[in-house]
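Let me begin by presenting the structure, written as structure tokens, before commenting on it.
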Amino acid sequence: MSPTANVLQTPSTATPAIDMAARQMPLQAHYQTTPADAWITDHASTHSRSHAPSMPLYGHVTLQGGRPIELTYGVHTAVGGESDYPVPGELLCAAIAACFDSTLRILANRFGIAFDALEVQVDAEVDVRGTLLVDRAVPVGFQKIALCARLSPSETPAPGVIERLMKAAEHSCVVLQTMRNGPEITVRSEVL
């Protein structure tokens, strides 16, 4: 198997044990002495190389992390699309679910809590009359987002452990806290 093929595979559920405390403690110590290094920037961008700007139902977004990943996205049927590719609201739900799931996994690892199964489901509700200008009193944006973590501990946890883990994950989940506390967002255009 080539090294590239191995990198593109999803990690197995039988991954060797990872000590998150050993990974994070040096970072915590470093960020205490050098706070500027704690600032990171994530990126995503769209382009019209695959779908012409005159085609309103589809687009292409590139997630620019460790290695760029390109996704085709579509428009929801509720606003005139086909919903045959992930729609932006689903990508938002995916971001919340992925962040909360990974936060739970990291904290469970640090606290020594083992799970046989872990699932996070995120449901977001929006009244599209706002974005379609049907009723200007209806806000544009999701009005409700519900997150449900389904946890199957390997052993019966001590009383209150799951509640403390959930509170810690809720506190430490970057995407969830971003949604709750809304950062400053600037919008600009550049004419090419």
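Nothing in this text is a laboratory measurement; each read-out follows from the coordinates by a stated rule. Everything quoted here is computed from the prediction, not taken from an experiment. So basically every Cβ, Gly included, is an ideal-geometry build from the backbone, and we count neighbours across all protein chains shown.
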Original post:
Given springs between every Cα pair under 10 Å in a Gaussian network model of the chain, which of Leu132, Leu57, Leu147 has the largest fluctuation?
Top reply: Leu132
**OP:** Pop the C-beta distance of Ser48 and Asp135 into the FRET formula with R0 = 45 Å and round what comes out to the nearest 0.05.
**Re:** 0.90
**OP:** Arrange the peptides 73-80, 95-102, 60-67, 181-188 so that the one whose residues have, on average, the most other Cβ atoms within 10 Å appears first.
**Re:** 95-102, 73-80, 60-67, 181-188
Original post:
Given (i) 1.24; (ii) 1.20; (iii) 1.00, which label gives Cα Rg over 2.2 N^0.38 Å as computed from the coordinates?
Top reply: (i)
Original post:
Between Ser172 and Gln143, what is the spin-label point distance in nm, taking each point 7 Å from the Cα along the Cα→C-beta axis?
Top reply: 3.5
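Based solely on its DSSP helices, what 222 nm [θ] is calculated for the chain when runs of n ≥ 4 H residues each add -39,500 (n - 2.57) and the sum is averaged over all residues, nearest 500 deg cm²/dmol?
Values: 5 runs with 64 residues, N = 192.
Calculated mean residue ellipticity at 222 nm is -10500 deg cm²/dmol.
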**OP:** Just grab the label-to-label distance for Tyr85 and Gln24, each label 7 Å out from Cα along the Cβ direction, in nm (one decimal).
**Re:** 3.6
**OP:** Would you mind getting me the FRET efficiency between Trp39 and Glu155? Use the beta-carbon distance for r and R0 = 41 Å, nearest 0.05.
**Re:** 0.60
